[in-house]
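Engineer: Okay, here's the structure, questions in a sec.
The values are calculated or read from the model by the stated rules, or taken from the named source; none is laboratory data. No experiment lies behind these values; they were computed from the predicted model shown. As a convention, Cβ positions derive from the backbone with ideal geometry for all residues, glycine included, and neighbour counts pool all protein chains shown. Just the protein is used for accessible areas: all its heavy atoms, side chains included, with ligands, DNA and RNA removed. Shrake-Rupley method; radii C 1.70, N 1.55, O 1.52, S 1.80 Å.
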Amino acid sequence: MSIVAVIDYGMGNLRSVAKALEHIADPDTTVEVTASPERILQADRVVFPGQGAARDCMAELTHRGLVDVVKEAVRSKPFLGICMGLQVLLESSEENGGTAGLGILPGSVRRFPDGMVDPRSGDALKIPHMGWNQVHQTKPHPLWQGISQDSRFYFVHSYYVAPTESDQIAGVTHYGTDFVCAMARGNVFAVQFHPEKSAEAGLALLANFLCWDGCV
Amino acid sequence: MGLAKRIIPCLDVDAGRVVKGVRFVGIRDAGDPVEIAKRYDQQGADELVFLDITASSEERETMVHVVEQVAAQVFIPLTVGGGIRSINDIRRMLNAGADKVAMNTAAIHNPGLVKEAAERFGSQCIVVAIDAKQVSTGDEPPRWEVFTHGGRKRTGIDAVLWAKQMADAGAGEILLTSMDRDGTRDGFDLPLTRAVSDAVSVPVIASGGVGNLDHLADGVKQGKADAVLAASIFHFGEYTVEQAKRTMAAQGIEVRLDE
């Protein structure tokens, strides 16, 4: 019997994440979408999703008394951050005129600059970065197991993480510039893309997470 | 290598069944939404759009169940449009498992809705659908206006300016349909697509008029669309999504293909 908690703090489409986890989970695994600190801390694994604006995410986490819960989960169990659930792990974000993050991973969050151009076609690159792009795995990790190098995952975001510790980078993607799309530190793995919306490659990553013991 | 151009099959849903389309004469039943969605997913569709064309509000509830069932089995982005009129409608669809909602008429009648929705749920899930028709004639510079009611009602709103205004209000994407081309199989209105894509900084999905696979490539290369949407060419097995991708790849367009 194993419990995976999806942290519900009112941001974004938690149902998608839960449905994808339920689809791949074995019968002994229970997927629980919850805002309860007790349930989150009792779970064997924690998924931290998120969409929307950084300031709203931080406000909701604070309002629901979940800041310390997330920090405790990060210390103690296999932890998967997705999209905004990656970005708020860093120290600060340029979004909303400057927003403090949880400061769990060193680095900041930046906006894609305006005026980026596709070097091949000469066309302006759209923001948000939306669609299927390639993920280049920069180091081996249990969550990459069985996923081909440069597989495509689904992205939708206007901001990206800029970590200061290069050994915490697990994957990069190119969109006008090379940006970090996956970070790993100990029992924490966090991605900018949406594995729950990335067809087989995404389901493979989630399945890897469900059997990960948090060790690298 | 980089971001792939997306191919998006569109499913018109009437009272829980996928139909060929409201704009085609004599609707032909094309089947079960979950089965069709799974088939497109297996063929490599990058996203799916479900358009609820149900007339009666009682039957609207069936769309929520359709979305719930599809979202439990298909793990690519799902957009739902048709009958979305309020923040509450948006929340219901997102909770059912939709990733994005598309608003059309409601955005025209209540322009504040897009801004409010983007602030509440994030721009990433707010799509504004624009039905446009050319209104210029002869040697005039091309001009398009927004139409409603399946292309019958003219609004007087310039389509390119409207797209810009909606992107500024917080729309994360524009779904642009040429009502001149819809159902014709003559290809996208490329000047319209190009004009809107050049005017906005958010992605544009081209729609309306696809009759063959080269049309899809034209939408990207000449129309500068970020994604291309088609319905009828996929529904009856005429072409698969994979064939569409191979055709586009052969023309140098980056697509997501299993190698």
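Engineer: Residues of segment B:192-218 being in contact with a Leu (Cβ under 8 Å, 6 or more places away or on another chain) and polar (S, T, N, Q), which ones?
Structural biologist: Matches in segment B:192-218: B:Thr193, B:Ser207.
Engineer: Checking A:Val67 against (1) within 24 Å of A:Tyr175 (Cβ to Cβ); (2) of a type in the set (A, V, I, L, M); (3) within 18 Å of the chain's Cα centre (by Cα): exactly one of these is not met. Which one?
Structural biologist: (1)
Engineer: Among (1) open to solvent by 50 Å² or more (accessible area, probe 1.4 Å); (2) within 30 Å of A:Glu60 (Cβ to Cβ); (3) outside any helix (DSSP H, G or I), there is one condition B:Lys133 misses while meeting the rest; what is its number?
Structural biologist: All conditions are met except number (2).
Engineer: Further question: Would you mention how many residues in segment B:73-95 are modelled with pLDDT of 95 or more and touching a Gly at 6+ places or on another chain (Cβ under 8 Å)?
Structural biologist: 2
Engineer: Any residue at all in segment B:219-233 that's over 21 Å from A:Lys126 (Cα atoms) and not small (Gly, Ala, Ser)?
Structural biologist: Residues of segment B:219-233 that are over 21 Å from A:Lys126 (Cα atoms), as a first pass: B:230-233.
From the residues that got through so far, the ones that are not small (Gly, Ala, Ser) too are B:233.
Yes; the residues of segment B:219-233 include at least one that is over 21 Å from A:Lys126 (Cα atoms) and not small (Gly, Ala, Ser).
Engineer: Moving on to the next point. Out of the residues in segment A:32-57 that are surrounded by 22 or more Cβ atoms within 10 Å (Cβ to Cβ) and hydrophobic (A, V, I, L, M, F, W, C), which is modelled with the lowest pLDDT?
Structural biologist: A:Ala54
Engineer: Can you find, within segment B:55-83, the residue that is nearest to B:Tyr40 (Cα to Cα) among those that are part of a loop (DSSP other than H, G, I, E, B) and open to solvent by 10 Å² or more (accessible area, probe 1.4 Å)? Show your work before the answer.
Structural biologist: Going residue by residue through segment B:55-83, those that are part of a loop (DSSP other than H, G, I, E, B) are B:55-56, B:72-77, B:82-83.
Pick out the ones that are also open to solvent by 10 Å² or more (accessible area, probe 1.4 Å) and you get B:55-56, B:72-73, B:82-83.
Working: B:Ala55: 26, B:Ser56: 28, B:Ala72: 15, B:Gln73: 12, B:Gly82: 21, B:Gly83: 24 Å.
If we take residues in segment B:55-83 being part of a loop (DSSP other than H, G, I, E, B) and open to solvent by 10 Å² or more (accessible area, probe 1.4 Å), then B:Gln73 is nearest to B:Tyr40 (Cα to Cα).
Engineer: Out of segment B:89-108, which residues are open to solvent by 30 Å² or more (accessible area, probe 1.4 Å) and touching a helix residue (DSSP H, G or I) at 6+ places or on another chain (Cβ under 7 Å)?
Structural biologist: Residues satisfying the conditions are B:Arg92, B:Asn95.
Engineer: Out of segment A:116-136, which residues are assigned to a loop (DSSP other than H, G, I, E, B) and open to solvent by 70 Å² or more (accessible area, probe 1.4 Å)?
Structural biologist: Our first condition is that a residue be assigned to a loop (DSSP other than H, G, I, E, B); within segment A:116-136, this holds for A:116, A:118-123, A:125-128.
Correct list: A:Pro119, A:Arg120.
Engineer: Starting from residues that are among the basic types (Lys, Arg) and modelled with pLDDT of 90 or more, keep the ones in segment B:1-30 and report whichever is most open to solvent (accessible area, probe 1.4 Å).
Structural biologist: Result: B:Lys5.
Engineer: Something else: I want to confirm something. Restricting to segment A:94-115 and keeping residues that are touching a residue at least 12 places away in the same chain (Cβ under 8 Å) and assigned to a helix (DSSP H, G or I), which single residue is least open to solvent (accessible area, probe 1.4 Å)?
Structural biologist: A:Glu95
Engineer: What are the residues in segment A:188-216 that are aliphatic (A, V, I, L, M), open to solvent by 10 Å² or more (accessible area, probe 1.4 Å) and touching a Phe, Trp or Tyr at 6+ places or on another chain (Cβ under 8 Å), if any?
Structural biologist: A:Ala199, A:Ala201, A:Leu203
Engineer: Another question, if that's okay. Can you name the residue in segment A:137-153 that is open to solvent by 10 Å² or more (accessible area, probe 1.4 Å) and under 26 Å from B:Ala225 (Cβ atoms) and is also nearest to the other protein chains (Cβ to nearest Cβ) among such residues?
Structural biologist: The extreme case among them is A:Arg152.
Engineer: Shifting gears a bit: Is one or more of the residues making up segment B:96-115 among the charged types (D, E, K, R) and over 22 Å from B:Thr54 (Cα atoms)?
Structural biologist: yes
Engineer: Say whether the condition of being among the hydrophobic types (A, V, I, L, M, F, W, C), in contact with a strand residue (DSSP E or B) (Cβ under 8 Å, 6 or more places away or on another chain) and in a helix (DSSP H, G or I) is met by at least one residue in segment A:144-156. Steps first, please.
Structural biologist: Step one: of segment A:144-156, the residues among the hydrophobic types (A, V, I, L, M, F, W, C) are A:144, A:147, A:153, A:155-156.
Those left that are additionally in contact with a strand residue (DSSP E or B) (Cβ under 8 Å, 6 or more places away or on another chain): A:144, A:147, A:153, A:155-156.
Add one more test, that the residue is in a helix (DSSP H, G or I), and what stays is A:144.
Yes, segment A:144-156 has at least one match.
Engineer: Quick one: how many residues across segment B:153-182 are under 18 Å from B:Gly82 (Cα atoms) and within 19 Å of the chain's Cα centre (by Cα)?
Structural biologist: Taking segment B:153-182 and keeping what is under 18 Å from B:Gly82 (Cα atoms), we get B:153, B:166, B:171-179, B:182.
Restricting the remaining residues to those that are within 19 Å of the chain's Cα centre (by Cα) gives B:166, B:171-179, B:182.
Final tally of qualifying residues: 11.
Engineer: Name the residue, out of A:Val172, A:Val161, that is among the hydrophobic types (A, V, I, L, M, F, W, C), part of a strand (DSSP E or B), out of contact with any helix residue (DSSP H, G or I) (no Cβ under 9 Å at 6 or more places or on another chain) and more than 9 Å from every other protein chain (Cβ to nearest Cβ). Walk me through it before giving the result.
Structural biologist: Values: A:Val161 fails: out of contact with any helix residue (DSSP H, G or I) (no Cβ under 9 Å at 6 or more places or on another chain).
It is A:Val172.
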